[in-house]
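This report refers to the structure that appears directly beneath it.
Just so it is clear, none of the values below were taken in a lab; they were calculated from the coordinates. As the structure is a computational prediction, the values presented were derived from the model and not from experiment. Note: ideal-geometry Cβ built from the backbone for every residue, glycine included; neighbour counts use all protein chains shown.
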Amino acid sequence: MRAALGPAFFTKLAAIVSAQHVKIDDAVRVAYGADALKRGRQPDAVVLPANTEEVAAVVRLCGRHRIPIVPRGAGTGYTGGAVPTHGGVVISLERLNRILEIDEANLVAVVEPHVVTGALQAAVEKVGLFYPPDPASLNESVIGGNVAECAGGPRAFKYGTTKQYVLGLEVVLPTGEVVRTGGKVVKNVVGYDLTHLFVGSEGTLGIITRIILRLVPRPPVQATLRATFRDVEAAVQAVINIIRARVVPAAVELIDGDSLEAVAQYLQVRSLAPGGTGAMLLLEVDGVPPAVAEEATRVESACAEAGATEVLRAGDEAERQELWRVRRELSRSLKMIAPLKYNHDVVVPKGRIPSLFALVHRLREEYRLRIPCFGHAGDGNIHVNIMVDPNDAAEIARAHEAERALFEGVVALEGSISGEHGIGFAKAPFVPLELTAETIALMKRLKRAFDPDDILNPGKIFP
Ligand SMILES: Cc1cc2nc3c(=O)[nH]c(=O)nc-3n(C[C@H](O)[C@H](O)[C@H](O)COP(=O)(O)OP(=O)(O)OC[C@H]3O[C@@H](n4cnc5c(N)ncnc54)[C@H](O)[C@@H]3O)c2cc1C
């Protein structure tokens, strides 16, 4: 433990947040020393402030002692963002968990960072409004973490990702100053757009303590469809046909054959698709009833023209939920293939999804690995899951080689190494594959302007 992090320092922390909200016992440090990536270092202390003033006071104290600070939401991140790389203090925002306002007239919600995404959605839907960003983790992840990662989900193709919904923020800077950006208005061009600099900044520029979110009217009805295909090429052709038919579905999820088998095993059902299925699309259109009926018909024709082996439409809400359950359980079900997954949320221009699958096929053969894939076909954002046995060092080494080859291939396809999970420390070594030295240098200058002593979430994003 670094010298400053002794009993005297903990007493000072306790003077800010009270002793019960400073945790230094081993069990807590272990719990906050990991996120969904399941790697990282434990913090020396976990602090649970109650409000913005306490967050700012903790930040100033840590700053005076040059102690690293790591902001944390629900800890569902896949890249180690909420996990220390240098020990120090984790600031968990879990006591800032209130929906402060749902302003129906202005179509905005004002929330503290630790509101669970799904709970916000349910609250606004009760009054006929809609908060579209829907990461599959929505029943656990919180809005602060979603904003810091710019989370996306199936609805991104039609509705956009978290950044399209953030209108304003309150942020504690690494210096302990508190700034407010944006506001309840949709139009605002005064000064730099700091709001969107914080969105996706992975807790490296400031700690978000309040968020103003844009809402939209809740679409009154949806139609959910499932289409199966012999291979990924046919499924991608269906997506292209759908766009040509001038339909922008609320969701276009692609699931490959290996992932389907895993989820069938996990849900203990014999099969989820006709024999010989190499790819499945889960599609949803939403809006007012006549438009939904028309769009669902166009989607069915587009899939049939691409050679779908079967197209089913959910008959009621229970059937719709059942179709979505398959998608939501995908991530967890991959443990049926192997206990550990390296989950990569790469993106390519959507017409190049077949080239991405060809690349993955080559990696499977060359590195002798199991690599199920699924994801958001409308955005070209495909989750490539390299499955490994944690006790097989040789397999892990092959997986790391495959990882680099995957990222190189994705960049060559004019794609990106991360569409939604961010960089954290897990992907930091690969950033130079995508960003030039000049771009990285500019980002580092920005980081220094916000955080001259590099105390906020050090070791993240930059190689
Ligand atoms: C089963 C599963 C499915 C998932 N599906 C998706 C998906 O579909 N789409 C998607 O985008 N992601 C997905 N994820 C990844 C993850 O849920 C998202 O990245 C989510 O936004 C993280 O939220 P969190 O509250 O858990 O944040 P954390 O993991 O706690 O933190 C994430 C990052 O945000 C920073 N941070 C947290 N709170 C603040 C704050 N108040 N101020 C400043 N920085 C902060 C942290 O320092 C860290 O860098 C999934 C994860 C799991 C486990």
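Below are the figures for this structure:
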| item | result |
| --- | --- |
| For the range 1-73 versus the range 400-456, the gap between their alpha-carbon centres in whole angstrom | 27 |
| Among 143, 5, 115 the positive-end extreme of the charge dipole of the range 1-152 (Cβ point charges) | 5 |
| Pairwise centroid distance, computed over Cα atoms, of the range 233-257 with the range 172-200, Å | 36 |
| Nearby aspartates and glutamates by direct alpha-carbon distance to residue 447 (threshold 17 angstrom, same-chain neighbours under 8 apart not counted) | 149, 177, 193, 202, 438 |
| Nearest-20 debye value, the range 163-216 charge dipole, Cβ charges on Lys, Arg, Asp, Glu | 280 |
| For the range 136-148, 3J(HN,Hα) per residue [Karplus equation, 6.51 cos²θ - 1.76 cosθ + 1.60, θ = phi - 60°, Hz, x = Gly/Pro] | 4, 8, 4, 7, 10, 5, 10, 4, x, x, 4, 5, 5 |
| For 228, 52, order by how many other beta-carbon atoms lie within 10 Å, fewest first | 52, 228 |
| Dipole magnitude of the range 411-463, debye to nearest 20 (Cβ charges: Lys/Arg +1, Asp/Glu -1, about Cα centre) | 140 |
| Under 12 Å, Cβ to Cβ, from residue 262 - net charge with Lys/Arg +1 and Asp/Glu -1 | 0 |
| Cross-link pairs 163/187; 158/427; 341/444; 126/184; 163/335; 163/444 - those with Cα-Cα distance over 24 Å | 158/427; 341/444; 163/335 |
| DSSP-loop trypsin sites (Lys or Arg not before Pro) across the range 207-260, with at most 15 other Cβ within 10 angstrom | 246 |
| 10 Å-binned pair-distance histogram of the chain (Cα, whole percent) | 4, 20, 29, 26, 16, 5, 1, 0 |
| 5 angstrom amide H check on residue 100, placed H, neighbours 5+ away | 110, 111, 112 |
| 5 angstrom amide H check on residue 210, placed H, neighbours 5+ away | 170 |
| Amide H contacts of residue 287 (H built 1.01 Å from N, under 5 Å, at least 5 apart or other chain) | 221 |
| Total charge dipole magnitude, the chain, about the Cα centre, Cβ charges on Lys, Arg, Asp, Glu only, Debye to nearest 20 | 920 |
| Label-point separation in nm, residue 53 to residue 164, each point 7 Å along Cα→Cβ | 3.9 |
